[in-house]
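**Student:** Mind looking over this structure? Questions follow.
All of the numbers you see were taken from the coordinates with simple rules; none came from a lab. Just so we're clear, the structure is a prediction, and the values are computed from it rather than from any experiment.
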């Protein structure tokens, strides 16, 4: 059973589903982007499209 969870976590699609980014903060924008990049590296998400999709989904509607 444990080997299945290891396999699933190494799948980029599953890792992308596990990323939950906080709402963007104008006041702390540089720190927010650094934190986001760390989350992508930890989850081994390398697709620029996936990065952009997650970032855009985290932006408030007013941007």
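**Student:** State the extension gain, in nm to one decimal, for the chain segment bounded by residue 20 and residue 56, taking 0.36 nm per residue of separation less the distance between their alpha-carbons.
**Tutor:** Details: separation 36, 0.36 × 36 = 12.96 nm, distance 1.22 nm.
The residue 20-residue 56 span can extend by a further 11.7 nm.
**Student:** Pulled fully out, how much extra length does the chain show between residue 28 and residue 44, if you take 0.36 nm times their separation in residues and subtract their Cα-Cα distance?
**Tutor:** 3.3 nm
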